[in-house]
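Worksheet: the structure to be examined is printed underneath.
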Amino acid sequence: MKFWHGLLKRLYDPTIEVRERLFVMLTTVSEIAVLFVFIGDVIFGEHIAEIAILGATLVVNPLITWIAVRKHNIKKGGILIAISVVFLIMPTVFIFGGGVDGGAVIWFAYAYVYIGLVLDGKVRHLMLGLLLLSAIAEHIAAWLCPWIIVPHSRMMCILDTLISVLVVGISVYIAIRFQNSIYLAESKRAMEEAEKVERMNRAQSRFFSNMSHEIRTPINTVLGLNEMIMRDTKSSEVMEDATNIQAAGKMLLGLINDILDMSKFESGQMTLTPVPYDIKEMLSEIVGILWMRAKDKKLEFSVNLAPDVPSELIADEVRIKQILINVVSNAIKYTEEGKVTLNVQCEKKEGDKAVIVYTVSDTGIGIKKENIPYLFDAFKRVDEEKNRYIEGTGLGLSIVKNFVDLMEGRITVNSVYTRGSTFIIEIPQRIASDVPVGEVVISGRQGISDCSIHMSGFRAPGARILIVDDNETNLMVAGKLLRDTGVQVDAVSSGRAALEKTMENVYQVIFMDHLMPEMDGIECASKIRTQTGGLSQQTPIVALTANAGPENEKLYRERGFDGYLVKPVSGAALEDELLRLLPQDMVRMTENKPGLLEESMSFMQGGVVKKPVIITTESLALIPSELSDEYDIPLIPYKIRTKDGLFRDGIDIKASGLLAYMEEHSSVSIDPPGLSEHESFFADALAVANNVIHFTASGKVSKSAVSAAREAAASFENVRVVDTGMLCAGEGVLVLQACRMAEKGMRVDEILSMISGLQKRLVNTFIMENLDYMHKSGLVSARSAGLIRSFIAHPVLMVNDGRIKLKRFYIGDKETAWRKYIDYMLRDKNRISTEFIEIAHAGFTMAQLDEICRIIREKISFERIYIDVLPATITTATGPGTLGLLYIMKDDV
């Protein structure tokens, strides 16, 4: 009894994995079933072989189960038992138990159930397939070779079948019932856990919301009174102290906001509130918040807004602003010298939808390649040793990533350690107004938010306002912050007192706190609206509360409030709200200080647009100079090493000069650009584009730079490296095709897909005078070069599957050889696309090239024929007298 009690306890123990419990239960049930069959076989005199196998099963299978459970390797235990069932137990029972006239046929069904429930994945499919094949093979054997089956008498057949039906039926019933009970228990437990987590999330949300509210109230007092000190003081020492207090208070406020947002993300309660907004005004506000920080660090800070961006968009403006402030603040924080730039442009439009791309670049310390995957982890700060003196919790970028994901956008990071970083944020938004922003002009006082330079933008001495808040200090702070506007301020500390005031006075604006004893702000506002004999029933009421978040703003809008300000509130925010709501005839605008306004506005610029995609390649690529200039293709140069020094291909040395040099000197080699060169090259490319597609020569040939390019690209999320599988002309054609696609506005994935198809259709071949230069470059052996030279043979090389292969050779003089070469390569005129053909050469005269063009036109009328000189790096391996042809096969080939 103790054994069975322990077994049942283990089977229903929720701490043990379901599959383990199922394995133990099925094995136990199976062993009991086998025991009954074993006893029946002994009583009714079944064949000794069947009895022996069943007896062995009663011993071996429990042992396998015990070991599997002890070793925590249920999968292997199940596989071993399944193998014994398929290859030993079932064949023995079938052959020695009467074949189709015994109970073995019924046991096949149980074997399927056992394997299906115990195993999983590919192993389950494999064993079920083997069981199926085993059953088919045994039945075919019974038909073709009936003598191998030990027959049953009529009585034995009936008894064997009856026992099998009873045992298998009960076993399957027990197995399925147990499985259902386990899954029901697990489902119930999962629901209880989910409810528990939900309760914890609600409790956490309430806690953080209450904490936010309670902390904001004293911060409102601290920052408000501190703002008054900054306005009134004439002491530089007091001003410095007050500025530090203001910065510390805002930092604490930012931390509260970050923690509150993280709690909402973790509980799944974060929502977006899309509204129409003016992108220029939003960027102006961001400038107003951040420009002074950049100025204090003597950083150059600029915001570039592309002229084609729609002027009005629909999205969650508050959250987009939060994203940009977080990223730009980080850039300023981690940059000691240089500049921080925010670029904004519209990448694509479809109907009323657009993708707005925000690019934040800095010249700061950069991010190590190994730290980039952890950049968006909550509470994680990368490179702690170097950044230990920089303030922050590590929540900012995690919140940014969560918001971008919630908006179905994308954020990527490109960084070179010690050189700076670029964050690219793509957020899809709806277009409210398709009118482009054009040249940026900022008006008003949006660029100014720093309290130390406060100046009231208006005066309204005839206006009267009411402030309702149960905290006397908050009333005092709000009244002082509005002192310079000249408005008459009445302040009361309860809803009841507010109703008394509205019976006596006409107010132009009412600022109302929410959480107050006896009567809260929502109830008070409702009563003011419906107050019999009240003098302020139509007065705009603004919620002035410590309840932060868009869900609270939505609540107040739904309850009839005309505005929403969250504590701590600044004098500028109060004045802006008054200016919006006061009757115009009561407001008299004052003169602003133009110098400061102009300085803050100077951070906004227009007309600077980064390309969505830029195509780059290396100097090995053969690109006609006029097309290279047209598409402005950046090239990273290979280097040519001679005994006289190191020269950059195409910059310091050309092919003609190299050929002349090689006539007298044999020691010439090429060096591909390395990792650091690629990193600098990609960083420069990303300064003018959001995405880079970089083409390299085949990685299967000597001196390929593809490995260095890929390693460098790992530091940049927006750099894709394409191994063209080609050399020079082939590489150049793919680059040009990609440039045309990018110019049409195709996305990166679309370009890569089209290029992949085009690679398979390119034909790239060369005929050379001999293999001497390839031998000098170490690409072929001296024996191969000598053999070709002795036969006066001109080898034809083909770039195929990324490798250079000898396709054929022609014997005779040079001119005869290249004529035969052209004839052979253009023989299938019906299969070759007539779009273009490119002729690449080294050392050919103009007369020879004219003749080559004539011969080509006689064979196929190409729309365009490009002629170009092979790059110096390729010339080192091919030598003079090299002629190459490159064209595209038709799509259906």
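The values are calculated or read from the model by the stated rules, or taken from the named source; none is laboratory data. Predicted model, so just to flag it, every value in this text is computed and none were measured. All Cβ positions, even for glycine, are placed from backbone atoms using ideal geometry, and neighbour counts span all protein chains on display. Note: areas computed on protein heavy atoms with side chains; ligands, DNA, RNA excluded. Shrake-Rupley method; radii C 1.70, N 1.55, O 1.52, S 1.80 Å.
Would you be able to tell me the number of residues in the range 555-564 that are of a type in the set (Phe, Trp, Tyr) and open to solvent by 20 Å² or more (accessible area, probe 1.4 Å)? It would help to see each step written out before you state the result.
First, pick out the residues of the range 555-564 that are of a type in the set (Phe, Trp, Tyr): 556, 561, 564.
With open to solvent by 20 Å² or more (accessible area, probe 1.4 Å) added as a condition, the list becomes 564.
So the answer is 1.
Would you point out the residue of the range 121-165, among those that are over 30 Å from ARG21 (Cβ atoms) and in contact (Cβ under 8 Å) with a residue 60 or more places away in the chain, that is nearest to the chain's Cα centre (by Cα)? It would help to see each step written out before you state the result.
Going residue by residue through the range 121-165, those that are over 30 Å from ARG21 (Cβ atoms) are 133, 136-162.
Now narrow it down to the ones that are in contact (Cβ under 8 Å) with a residue 60 or more places away in the chain: 150, 156, 159-160.
Values: VAL150: 66, MET156: 69, LEU159: 66, ASP160: 63 Å.
Out of the qualifying residues, it is ASP160.
Run down GLY745, GLY757 and say which single residue is at positive phi and within 46 Å of the chain's Cα centre (by Cα).
Values: GLY757 fails: at positive phi.
That would be GLY745, the only listed residue that is at positive phi and within 46 Å of the chain's Cα centre (by Cα).
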(request) Give just the number: which of (1) assigned to a loop (DSSP other than H, G, I, E, B); (2) closer than 21 Å to ARG459 by Cα; (3) of a type in the set (Asp, Glu) does ASP490 not satisfy? (result) (1)
(message) Let me confirm something: among ALA697, ALA685, which residue is more than 24 Å from THR418 (Cβ to Cβ), at pLDDT 85 or above and of a type in the set (Gly, Ala, Ser)?
(response) ALA697
(message) modelled with pLDDT of 75 or more and under 40 Å from the mean Cα position of the chain (by Cα): is that true of LEU253 in this structure?
(response) no
(request) Considering every residue within the range 108-120, establish whether at least one is closer than 14 Å to GLY97 by Cβ, part of a helix (DSSP H, G or I) and more than 56 Å from the chain's Cα centre (by Cα). (result) no
(request) Would you be able to say whether some residue in the range 825-836 is open to solvent by 20 Å² or more (accessible area, probe 1.4 Å) and in contact with a Ser or Thr (Cβ under 8 Å, 6 or more places away or on another chain)? (result) yes
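Please pick out the residue among LYS639, LYS643 that is open to solvent by 30 Å² or more (accessible area, probe 1.4 Å), in contact with an Asp or Glu (Cβ under 8 Å, 6 or more places away or on another chain), basic (Lys, Arg) and modelled with pLDDT under 85. If you could, list the steps in order and put the result at the bottom.
On the way: LYS643 fails: in contact with an Asp or Glu (Cβ under 8 Å, 6 or more places away or on another chain).
Answer to the selection: LYS639.
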(message) Quick check on my filter: what residues within the range 223-243 are basic (Lys, Arg) and without any contact (Cβ under 8 Å) to a residue 40 or more places away in the chain?
(response) LYS234
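Residues are listed down the side, and each one gets a yes or a no for (1) at pLDDT 85 or above; (2) assigned to a loop (DSSP other than H, G, I, E, B); (3) aromatic (Phe, Trp, Tyr):
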position: GLU266; (1), (2), (3): no, no, no
position: MET270; (1), (2), (3): no, yes, no
position: VAL287; (1), (2), (3): no, no, no
position: ILE320; (1), (2), (3): yes, no, no
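Only one of these is open to solvent by less than 50 Å² (accessible area, probe 1.4 Å) and on the phi > 0 side of the Ramachandran plot: GLY786, GLY812. Name it.
Details: GLY786 fails: on the phi > 0 side of the Ramachandran plot.
Testing whether each residue is open to solvent by less than 50 Å² (accessible area, probe 1.4 Å) and on the phi > 0 side of the Ramachandran plot leaves just GLY812.
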(message) Here are the criteria: (1) open to solvent by less than 50 Å² (accessible area, probe 1.4 Å); (2) at pLDDT 85 or above; (3) part of a helix (DSSP H, G or I). Tell me which single one ASN552 does not satisfy.
(response) (2)
(request) Kindly indicate which of ARG177, ARG199, ARG189 is among the basic types (Lys, Arg), open to solvent by 80 Å² or more (accessible area, probe 1.4 Å) and either outside any helix (DSSP H, G or I) or touching a residue at least 12 places away in the same chain (Cβ under 8 Å) (or both). (result) ARG189
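Checking the conditions here, which among LYS527, LYS567 is surrounded by fewer than 19 Cβ atoms within 10 Å (Cβ to Cβ) and in contact (Cβ under 8 Å) with a residue 24 or more places away in the chain? Please lay out each step first, then the result.
On the way: LYS567 fails: surrounded by fewer than 19 Cβ atoms within 10 Å (Cβ to Cβ).
Selected residue: LYS527, the only one of LYS527, LYS567 that is surrounded by fewer than 19 Cβ atoms within 10 Å (Cβ to Cβ) and in contact (Cβ under 8 Å) with a residue 24 or more places away in the chain.
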(request) Filter the range 494-516 down to the residues that are part of a loop (DSSP other than H, G, I, E, B) and closer than 18 Å to ARG216 by Cβ, then identify the one that is most open to solvent (accessible area, probe 1.4 Å). (result) LEU515
(message) All but one of (1) part of a loop (DSSP other than H, G, I, E, B); (2) touching a Lys or Arg at 6+ places or on another chain (Cβ under 7 Å); (3) modelled with pLDDT of 65 or more hold for GLY394; state the number of the condition that does not hold.
(response) (3)
(request) Check the range 450-465 and report whether any residue there is open to solvent by 20 Å² or more (accessible area, probe 1.4 Å), modelled with pLDDT of 75 or more and not basic (Lys, Arg). (result) yes
(request) For the range 799-814, state whether one or more residues are hydrophobic (A, V, I, L, M, F, W, C), within 27 Å of GLN759 (Cα to Cα) and in contact with a Ser or Thr (Cβ under 6 Å, 6 or more places away or on another chain). (result) no
(request) Could you pull out every one of the helices (runs of 4 or more DSSP H) wholly within the range 731-849 that has 1 or more residues that are of a type in the set (Phe, Trp, Tyr) and in contact (Cβ under 8 Å) with a residue 24 or more places away in the chain? (result) 772-776, 814-825
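Kindly indicate whether any position in the range 604-613 is modelled with pLDDT of 80 or more and part of a loop (DSSP other than H, G, I, E, B). Write out each step before concluding.
We begin by selecting, within the range 604-613, every residue modelled with pLDDT of 80 or more; these are 611-613.
With part of a loop (DSSP other than H, G, I, E, B) added as a condition, the list becomes none.
Within the range 604-613, none of the residues are modelled with pLDDT of 80 or more and part of a loop (DSSP other than H, G, I, E, B).
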(message) Please go through (1) in a helix (DSSP H, G or I); (2) at pLDDT below 80; (3) open to solvent by 20 Å² or more (accessible area, probe 1.4 Å) for PHE87 and return the number of the only condition it doesn't satisfy.
(response) (2)
(request) Scan the range 406-421 residue by residue and report those that are open to solvent by less than 20 Å² (accessible area, probe 1.4 Å) and closer than 14 Å to TYR334 by Cβ. (result) VAL413, SER415, VAL416, GLY420, SER421
(message) So for the range 326-333 (the condition being part of a loop (DSSP other than H, G, I, E, B) and out of contact with any Phe, Trp or Tyr (no Cβ under 9 Å at 6 or more places or on another chain)), does at least one residue qualify?
(response) no
(request) Quick one: in the range 698-745, of everything that is of a type in the set (S, T, N, Q) and out of contact with any helix residue (DSSP H, G or I) (no Cβ under 8 Å at 6 or more places or on another chain), which residue is surrounded by the most Cβ atoms within 10 Å (Cβ to Cβ)? (result) SER704
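Does VAL688 meet the test of being in contact (Cβ under 8 Å) with a residue 60 or more places away in the chain, open to solvent by 20 Å² or more (accessible area, probe 1.4 Å), farther than 19 Å from ILE372 by Cβ and over 23 Å from the mean Cα position of the chain (by Cα)? Quick ask: steps written out before the conclusion?
Numbers: in contact (Cβ under 8 Å) with a residue 60 or more places away in the chain: yes; open to solvent by 20 Å² or more (accessible area, probe 1.4 Å): yes; farther than 19 Å from ILE372 by Cβ: yes; over 23 Å from the mean Cα position of the chain (by Cα): no.
It is false that VAL688 is in contact (Cβ under 8 Å) with a residue 60 or more places away in the chain, open to solvent by 20 Å² or more (accessible area, probe 1.4 Å), farther than 19 Å from ILE372 by Cβ and over 23 Å from the mean Cα position of the chain (by Cα).
Please enumerate the residues belonging to the range 857-885 that are assigned to a loop (DSSP other than H, G, I, E, B) and of a type outside the set (Gly, Ala, Ser).
As a first pass, look at the range 857-885 and keep what is assigned to a loop (DSSP other than H, G, I, E, B): 860-864, 870-871, 879-881.
Across the range 857-885, the qualifying residues are ILE860, PHE862, GLU863, ARG864, LEU870, PRO871, PRO880.
Taking the condition β-branched (Val, Ile, Thr) and open to solvent by 70 Å² or more (accessible area, probe 1.4 Å), does VAL318 pass? Write out each step before concluding.
Values: β-branched (Val, Ile, Thr): yes; open to solvent by 70 Å² or more (accessible area, probe 1.4 Å): yes.
Spelling it out, VAL318 is indeed β-branched (Val, Ile, Thr) and open to solvent by 70 Å² or more (accessible area, probe 1.4 Å).
To keep it simple, each residue is scored yes or no on (1) at pLDDT 90 or above; (2) of a type outside the set (A, V, I, L, M); (3) out of contact with any Leu (no Cβ under 7 Å at 6 or more places or on another chain).
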{"site": "LYS297", "(1), (2), (3)": "no, yes, yes"}
{"site": "GLU300", "(1), (2), (3)": "no, yes, yes"}
{"site": "VAL328", "(1), (2), (3)": "yes, no, no"}
{"site": "LYS333", "(1), (2), (3)": "no, yes, yes"}
{"site": "GLU336", "(1), (2), (3)": "no, yes, yes"}
{"site": "GLU350", "(1), (2), (3)": "no, yes, yes"}
{"site": "VAL355", "(1), (2), (3)": "yes, no, yes"}
